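Everything on this sheet refers to the single structure shown next.
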Amino acid sequence: MSGHPATGQWFGAGVRRVEDPALLAGKGCFVDDIHLPGTLHAAFVRSPHAHARVKGIDAAAARALEGVHAVISAADLPDTARTKRLPLFVPNPAMTQPLMPHVLAREEVSFVGEAVALVVAESRAIAEDAAALVAVDYEPLPAVNDCLAAIAPASPAAHINSSSNIAARFPIAYGDAEKAFAAAPHVFREHFYLHRGGAFFMETRGAIAQYEPQKDAVTLYVSSQGPHTHKRGLLELFDFGEEQIRVITPDVGGGFGPKSGFYPEYPALVAAAMKLRRPVKWIEDRRENFVASNQERDQHWDLELAVAKDGKILGLRGRMVHEAGAYMSHGVVTPWISACTAPGPYVIPAYKLDVVVAFTNKITVTPVRGAGRPQGVFVMERLLDRVARALKLDPAELRRRNLIGPEQMPYAVGLIFRDGKPVTYDSGDYPACQAKALAAIDYAGFAARQDKARAEGRYLGIGISNSVEGTGLGPHEGATIRIASNGKITLFTGATPQGQGHKTTYAQIAADQLGVDIRDITVVTGDTSVIAYGVGTVASRSAVNAGSATHLAAIEVAKKVKRIAADMMEVAPEDLVLEGGFAKVRGVPDMKKSFREIAVRSLGMPGFALPAGTQPGLENTTYFTPERATYANNTHVAEVEVDTGTGEVRILRYVVVHDCGRVINPLLIEGQVVGGVAHGIGNALLERMVYDENAQPLSMNFGEYLLPLATDVPRIEVHHIESPSPLNPLGVKGAGEGGTITAIAAIVGAIEDALAPFGVRITEAPVTPQRIIELIEAAKS
Amino acid sequence: MSEIRRVAVTVNGKAYERSVEPRMSLGDFLRHELELTGTHLGCEHGVCGACTVLVNGLSVRACLMLAVQAQGQEITTVEGLARADGALSPLQQAFWEKHALQCGFCTPGILCTLTELLRDNPDPSEAEIRATLSGNICRCTGYQAIVDATLLAAERMRGEGGAR
């Protein structure tokens, strides 16, 4: 697709964000900052058991507390919200048990934190007091705390009405793996485990449901990654028409995936607001956040890699067990992505993976920044390091030999993605990306640095990680651009930022076509009443989808501006240029019409006909519907020092070379990449969501679950390569997750390299200081 | 259910007086009683630092201090950091220029923490900034741009001869 090169003054410029002055002055508007008159406050009664039968609920004491307005359990919900389970938006035939949660638990709770009832009171404090008074009669049942254990024959069932804990099973395969392995001179086997972590956005989830009886309509204010999904969810669970539900997402304090989900709390709040006819607010507290907001990563991989004598990969095969947690809220999206990410930037002639998705009695797994890709990258990169060591090849050289070359683009991997379409890398120069990263970190000089350090009793290591990331997936995202009768320009989109800077980047894209300053374009996000359809800002998709929609809509509006202005000035549209809010006749400084004048003309006058075939207004709505994903790629190289006495890892240098196609705003891209790496550092070194054998969560605060701090994250050096995508008019690819996806393997690889003198092999993440000491001790003995 | 206490405080130079339950945190008091919603609560257990405000010039977790403990004290919140004419402070300005915020939720607490740092140490090293900043969690930025913004603001403030 081409023909509208988005070159201009704004696209590509590292301009400061229009969002920031308000946020810096404390004038942002997050959901808890909204105070509607008469608001009541909710607290949820949550299961303390990982698995139990609910035999009864006695709310009498809670209801009797002064200031309590209602205690609502499943029995008190409207019919549809009581009987239906939450909708599954991503069905897939691979799912044998597409089990979704109820709004409020009925006969069974399946994880610690599952909501059983909500209390609505005058204040949050009273609601919490009352929630503690709700007596739920539980009959505890055996719980499943690990996905491998879940598929063992003797495992208890995670759900009482299920005969099996297997939620889905599907093969991913291409080429002839059996033949490749039969003939291979070398086969390497490994088991990998990637541990569970959370998004831990700084603003917890939260929502306000408002019911207006005079309109018989509900407004839900929710901290989310896309209000349209929530509207769809409410339409499924309540007997409402399209016009009776409006969902608004104000400023959002981070999302990273789990805020895209339609959670049970939201319909429960709507039911409460309808019952009480007052706005009901719920702000998740951090303890709840640890048990009620979805998490990701738990996967076990058993893999074999077949390689030729020169290190060329011949085939990859094995089994991956993915933990679903309690419900299938995001279907098979995450494991499917993991499986399709493993081949990465390498030529792999044959691949066969058996993917098993298993229920456990833990909080549901849905994508967290990276969405299954960090695992796929980790297993591949760790296998390559294993091969390099065994065949005494330089790890960078081994990778280079296997990388897909730029001359092979577009490259059909052979895989079928979950949308049924082939995985085809659209553009990129992977060898150049790796070479640039190696040069930046002075890879050639590392051996000398390592030797010198070892002579001083210090252990340095270097790790390389390459990734290819499918971004910009459909189905669509839209933009409406409208020039009001006073000349003001507004852009409406269903893409919903959580810190990405949409209000700046989309204004940049539109400003180039409309010939105005970005400050002249107001970008409105997060409101189902301003644009009919939206998917939301997830999956590194918004620059591609909403960005392209913005670009195409702006072109159409610009055309109409010119057509009407040309008519007004009796010139040809081709003679006009848009500049500073005017349509100007080229070379004739006096001949111009303001957007205001043109907008007024576009609306016509009462009693007068518009020219034949003309729609009123300076407005266009375009939905961009990409045919398939566009693939970004990264190389990360980490140089670390490991203290073999304490197990502490210090990242000495960290280089990223990042290719996300054409860059809309380098300042913002760099922020996304660096922030993504920080998340990856957490996954590599710190973040452990620990459960006991009964699936009771043990890490329930930021003292027990460690997030990376300013002293943990080193200075990260970011370089760019721009391989434009041919699949969208801007040539852009997604950029929000590559940092996280690629980082874990690079850091763990560097640690293993540092500990090579001890013979330590690392096949898991995270590796905490304690774990590193254990691995050193185990290798010694 | 519990007794009500009068609390009189000065916030950003303005006097306020409210009746509150003794169990109300300073963070909830600022946000919900005074409607100064710029102070954000991120963890409510004293680790993330999002709720950091200055009490008599010293950084304090507003989630770990009770409103009644603030009786008679002078508090500065993010809403009070800008200059008298409403212009952004040098630190806020540098945050903007260096892209030191993404979602902006942790930003108010970080600004308060670093405002205190730059007052007490006009020429901090990167390591000193990181050590101070390690009491605030940011999930978006990876901290690098925050460090750079702080260094830039310090340099500019020294250039102004310490005038703020």
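Miscellaneous remarks
- The residues listed here are A:Asp643, A:Asp659, A:Asp692; of these, the one that is touching a Ser or Thr at 6+ places or on another chain (Cβ under 9 Å) and not assigned by TED's automatic domain parsing to the domain that holds A:Gln498 is A:Asp659.
- Scoring B:Ala67 on the criteria (1) of a type in the set (Gly, Ala, Ser); (2) surrounded by fewer than 16 Cβ atoms within 10 Å (Cβ to Cβ); (3) more than 12 Å from chain A (Cβ to nearest Cβ) leaves a single failure, condition (2).
- Being at pLDDT 95 or above, in a strand (DSSP E or B) and within 30 Å of A:Gln210 (Cβ to Cβ) is a description that applies to A:Trp282.
- Check on A:Ile751, in contact with a strand residue (DSSP E or B) (Cβ under 8 Å, 6 or more places away or on another chain), part of a helix (DSSP H, G or I), crowded, with 17+ Cβ neighbours inside 10 Å and assigned by TED's automatic domain parsing to the domain that holds A:Asp385: yes
- Of all residue pairs spaced 6 or more apart or on separate chains, those with beta-carbon atoms under 6 Å, a first member in region A:567-582 that is more than 19 Å from A:Ala510 (Cβ to Cβ) and a second member that is exposed (fewer than 13 other Cβ atoms within 10 Å of the Cβ) and of a type outside the set (Ser, Thr, Tyr) are A:Asp575/A:Arg586.
- Region A:92-137, subset of a type in the set (Asp, Glu), over 24 Å from the mean Cα position of the chain (by Cα) and assigned to a loop (DSSP other than H, G, I, E, B), residue farthest from A:Ala74 (Cα to Cα): A:Glu122
- Scanning region A:316-346 for residues that are over 16 Å from A:Gly376 (Cβ atoms) and either among the hydroxyl-bearing types (Ser, Thr, Tyr) or touching a strand residue (DSSP E or B) at 6+ places or on another chain (Cβ under 7 Å) (or both) gives A:Ala324, A:Gly325, A:Ala326, A:Tyr327, A:Met328, A:Ser329, A:Gly331.
- Elements of the type strands (runs of 3 or more DSSP E) sitting completely within region A:156-241 and holding at least 3 residues that are among the aliphatic types (A, V, I, L, M) and either crowded, with 22+ Cβ neighbours inside 10 Å or in contact with a Leu (Cβ under 7 Å, 6 or more places away or on another chain) (or both): these cover A:166-174, A:206-212, A:217-222.
- Residue in region B:14-26 that is more than 19 Å from B:Thr76 (Cβ to Cβ), more than 19 Å from the chain's Cα centre (by Cα), part of a loop (DSSP other than H, G, I, E, B) and of a type in the set (Gly, Ala, Ser) present: no
- In a residue-by-residue description of region B:92-102, the property of being under 22 Å from A:Phe200 (Cα atoms), more than 7 Å from every other protein chain (Cβ to nearest Cβ) and of a type in the set (A, V, I, L, M) applies to at least one position.
- Subset tally (residues that are part of a helix (DSSP H, G or I) and more than 14 Å from every other protein chain (Cβ to nearest Cβ)) for region A:18-60: 1
- In a residue-by-residue description of region A:650-661, the property of being of a type in the set (Lys, Arg) and more than 14 Å from chain B (Cβ to nearest Cβ) applies to no position.
- Total residues in region A:290-327, condition in contact with a Gly (Cβ under 8 Å, 6 or more places away or on another chain) and either more than 30 Å from A:Pro343 (Cβ to Cβ) or of a type in the set (Gly, Ala, Ser) (or both): 6
- Annotation: of all residues in region B:132-146 being at the interface with another protein chain (Cβ under 7 Å from one of its Cβ atoms) and closer than 17 Å to A:Leu667 by Cα, the one that is surrounded by the most Cβ atoms within 10 Å (Cβ to Cβ) is B:Gly142.
- Taken over region A:672-731, the criterion of being within 30 Å of A:Ile363 (Cα to Cα), away from chain B (no Cβ under 12 Å), in a loop (DSSP other than H, G, I, E, B) and in contact (Cβ under 8 Å) with a residue 24 or more places away in the chain is satisfied by A:Arg688, A:Met689, A:Asp692, A:Glu693, A:Asn694, A:Ala695, A:Gln696, A:Ser699.
- Within region B:26-60, the set of residues being among the hydroxyl-bearing types (Ser, Thr, Tyr), more than 10 Å from chain A (Cβ to nearest Cβ) and surrounded by fewer than 24 Cβ atoms within 10 Å (Cβ to Cβ) comprises just one member, B:Ser59.
- Restricting attention to region A:632-664, the residues that are crowded, with 23+ Cβ neighbours inside 10 Å, small (Gly, Ala, Ser) and farther than 30 Å from A:His551 by Cα add up to 1.
- Scan of region B:110-131 for residues that are facing chain A (nearest Cβ under 8 Å) and either outside any helix (DSSP H, G or I) or within 15 Å of B:Val47 (Cα to Cα) (or both), ordered by number: B:Ala131
- Taken over region B:147-164, the residue count meeting the criterion of being under 21 Å from A:Val718 (Cβ atoms) and either more than 10 Å from chain A (Cβ to nearest Cβ) or among the polar types (S, T, N, Q) (or both) is 4.
- Against the conditions (1) out of contact with any helix residue (DSSP H, G or I) (no Cβ under 9 Å at 6 or more places or on another chain); (2) assigned to a helix (DSSP H, G or I), B:Gln92 satisfies every one except (1).
- Search result, residues across region A:513-548 that are in contact with a His (Cβ under 8 Å, 6 or more places away or on another chain) and assigned to a helix (DSSP H, G or I): A:Gln513, A:Ser542, A:Asn545, A:Ala546
The values are calculated or read from the model by the stated rules, or taken from the named source; none is laboratory data. Just so it is clear, the model here is predicted, and its values are computed rather than measured. As a convention, Cβ positions derive from the backbone with ideal geometry for all residues, glycine included, and neighbour counts pool all protein chains shown.
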